[in-house]
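Each value in this text was obtained by applying a stated rule to the coordinates, not by laboratory testing. Note that the structure is predicted; figures quoted are calculated from it, not measured. Note: ideal-geometry Cβ built from the backbone for every residue, glycine included; neighbour counts use all protein chains shown.
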Amino acid sequence: MPSQAVLRALGEQVKLGILVFNGKFEVSIANKLVRELFGVDEVAANALARNLEALLPPFALSQSREAGTWTGSLPIGERVITVHLHHHAEGGNEAFLAMFQQLEGPEDYERELQQRHAELRQAYLRLNGTQEKLLQSEKMASIGQLAAGVAHEINNPIGYVHSNLGSLQEYLRSLFTVIESYERALRAPDPKALIPEIDDIRNRLDIDFISRDLPQLMAESREGIERVTRIVRDLKDFSYSGRDESWKLVDLHAGLESTINIIWNELKYKVTLERRYGELPMIECLPSELNQVYMNLLLNAGHAIADRGSIIVSTGVDGDEVWVEFQDDGAGISADLRQRIFDPFFTTKPVGSGTGLGLSISYGIINKHHGRIDLESTVGEGSRFRIVLPIRQPK
Ligand SMILES: Nc1ncnc2c1ncn2[C@@H]1O[C@H](COP(=O)(O)OP(=O)(O)OP(=O)(O)O)[C@@H](O)[C@H]1O
Ligand SMILES: [Mg+2]
């Protein structure tokens, strides 16, 4: 094992700046090139680790602790220096090795550029993955928020289907009683003699009413079951993970209707919803992601309405684009807020009730569709969000 002195002597010869220090920023090696770079003598070199810490971006140390290494460029004096920071921990002790490389010839710059490019690409891929997860968790969070409403929407029809089944059971019992009395009459020596008795039973059990009410009960129950089926299907469409969703040709109105269906419970007490649908061609899109946009815009419109108000959902075609518009007569958005509402985490809602992600995620989704979101709003009069989408995605 070479001694510290030998290591130090070797370090002096290397064409790289080398700085070795521990977790308390105590310097054990600062070679000649580093001292020259920072313009310090051997004594002042002891403070170099602190100097470096001040120059590094805040996450550099933590990243090299976590990932073992961090690489970046630092402006030192007039020059731009590449820094590779390596970290090693063993038995409670940690050590950092910082290597400084000055860019000189064009090849250096090119190599540096290529490395930066690779790093950026990696960062981009990581970010993309995070974005995907964010999208999915925002969707799940909104479904979570809506769960109580959806449960209510499902419970209602189940409630009356259940009570209808109770009535049906009674009706069946009555009908069987009547059938029995007919059967008795048929087997009697003089069936006609039993007619008054049968009439009496029919009246008592109100068979005329039953025969009128029964089809109605059946229709109502069927409708209830269909409603539940629809909500469950919409919910399934909605929670569909974006990861493996593929581009499809769809009817935007169908997605709008499923979304309205899911959030209806949130809106129905204070909002009258008007549909002004135009004729739309099939649109190439990621339908479940668009549903998420409709939901965000509709919920925002609902939140902007304090007591009672109206939301108008309109659609139309314009050349090779279509638009879907959500207009509310709620609070409106002031000009300076308009600059910020698409920022991630920007919300004016009380802590815990809005994440501030709705619009920024919607913006991302529409962007991915090569479309745009236009906004017009007047404080005190309301807002109009218009999504514009190309009918076919560019090749
Ligand atoms: N239709 C609207 N009318 C008035 N203000 C709106 C409207 N839509 C959005 N805003 C404003 O924009 C802000 C950001 O909206 P965004 O949907 O991004 O987040 P949020 O609704 O606050 O929270 P969440 O993440 O739950 O959607 C809202 O807090 C609100 O102030
Ligand atoms: Mg929102």
Problem set entry | Förster radius 30 Å - calculated FRET efficiency between R212 and K192 (Cβ-Cβ, nearest 0.05) | 0.65
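Kindly state, to the nearest 0.05, the FRET efficiency for S28 paired with Q145, given R0 = 56 Å and r defined as their beta-carbon distance. Walk me through the intermediate numbers first.
Working: r = 55 Å, r/R0 = 0.99.
Plugging the Cβ-Cβ distance into 1/(1 + (r/R0)^6) gives 0.50.
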Seminar exercise, completed: Computed ³J(HN,Hα) along region 9-22: with the Karplus parameters 6.51/-1.76/1.60, θ = phi - 60°, integer Hz and x for glycine or proline, the list is 5, 5, x, 4, 8, 6, 8, 10, x, 10, 10, 10, 8, 9
For this session: For helix 207-239, report the angle its Cα long axis makes with the longest principal axis of the Cα atoms of the chain; keep it between 0 and 90° and round to the nearest 10°.
Result: 10
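Listing W70, W247 from the residue with the fewest other Cβ atoms within 10 Å to the one with the most, what is the order?
Ordered from fewest to most neighbouring Cβ atoms within 10 Å, W70, W247 come out as W247, W70.
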Exercise. Taking 0.36 nm per residue of separation and subtracting the Cα-Cα distance, what length does fully extending E42 through E376 add?
Worked result: 113.7 nm
Exercise. Among Y171, Y269, Y277, which comes first, then next, by fewest other beta-carbon atoms within 10 Å?
Worked result: Y269, Y277, Y171
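How large is Rg/Rh for region 262-360, to two decimals, with Cα atoms and a Kirkwood Rh? Write out the running numbers ahead of the final one.
On the way: Rg = 14.6 Å, Rh = 14.9 Å.
Expressed as Rg/Rh, it is 0.98.
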Exercise. What are the ³J(HN,Hα) values, in whole Hz, obtained from phi via the Karplus relation 6.51 cos²θ - 1.76 cosθ + 1.60 with θ = phi - 60°, for each residue of region 103-110 in sequence order, with x given for Gly and Pro?
Worked result: 7, 10, x, x, 4, 4, 5, 5
Problem set entry | Dipole in debye (nearest 20) - the chain, about Cα centre, beta carbon charges: Lys, Arg +1; Asp, Glu -1 | 480
Problem set entry | Relative contact order (%) - the chain, alpha-carbon pairs under 8 angstrom, separation at least six | 10
Seminar exercise, completed: Rounded to 0.05, the calculated FRET efficiency for the beta carbons of Q393 and R275 at R₀ = 25 Å is 0.45
For this session: Tell me the chymotrypsin sites (Phe, Trp or Tyr not before Pro) within region 337-385 that lie in a loop according to DSSP and have at most 10 other beta-carbon atoms within 10 Å.
Result: F345
Exercise. If you rank T177, T315 by fewest surrounding Cβ atoms within 10 Å, what's the result?
Worked result: T177, T315
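Would you mind calculating the gained length between K268 and R111 on full extension (0.36 nm times residue separation, minus the Cα-Cα distance), in nm to one decimal? Could the numbers behind the result be given before it?
Details: separation 157, 0.36 × 157 = 56.52 nm, distance 6.15 nm.
Result for the pair: 50.4 nm of gain on full extension.
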Exercise. In Å, what is the Rg of the alpha-carbon atoms in the chain, and how long is Dmax?
Worked result: 36.0, 130
Exercise. Roughly what would the spin-label model give for L120 and E132, points 7 Å off Cα along C-beta, in nm?
Worked result: 2.3
Problem set entry | Positive-pole candidate from S28, L85, G356, dipole of the chain, charges at beta carbon | S28
Exercise. Could you list, bin by bin from short to long, the percent of Cα-Cα pairs of region 128-170 in 5 Å steps?
Worked result: 6, 19, 13, 12, 11, 10, 9, 7, 6, 4, 2, 1, 0
Exercise. Contour minus end-to-end for A89 and S3, with contour as 0.36 nm per residue of separation and end-to-end as the Cα-Cα distance?
Worked result: 28.9 nm
Exercise. Listed here are the pairs K268/K368; K236/K349; K236/K368; K248/K349; which of them are more than 26 Å apart at the Cα?
Worked result: K268/K368; K236/K349; K248/K349
Seminar exercise, completed: Here, E321 and M282, labelled 7 Å along Cα→Cβ, have an inter-label distance in nm of 2.4
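Based on the Cα atoms of region 183-340, what semi-axes does the equivalent ellipsoid have, where each is the square root of 5 times one gyration tensor eigenvalue, given in whole Å with the largest first? Walk me through the intermediate numbers first.
Numbers: eigenvalues 577, 86, 39 Å².
The answer is 54, 21, 14 Å, longest axis first.
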For this session: Send over the per residue convex hull volume for region 350-395, Cα only, as a whole number of Å³.
Result: 80
Exercise. Under the Karplus relation 6.51 cos²θ - 1.76 cosθ + 1.60, θ = phi - 60°, what is the ordered set of whole-Hz ³J(HN,Hα) values for region 80-88, x standing for Gly and Pro?
Worked result: 10, 10, 8, 10, 10, 10, 10, 10, 9
Exercise. Relative to the longest principal Cα axis of the chain, at what angle does helix 358-368 sit, 0 to 90 degrees, rounded to 10?
Worked result: 80
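Okay, helix-only estimate at 222 nm for the chain: each DSSP H run of n ≥ 4 adds -39500 (n - 2.57), divide by all residues, round to 500 deg cm²/dmol; what do you get? Don't skip to the answer; put the middle values down first.
Values: 11 runs with 209 residues, N = 395.
For the chain, the value works out to -18000 deg cm²/dmol.
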Exercise. If you project the alpha carbons of region 120-259 onto the principal axes, what extent comes out on each, in Å, largest first?
Worked result: 99, 30, 23
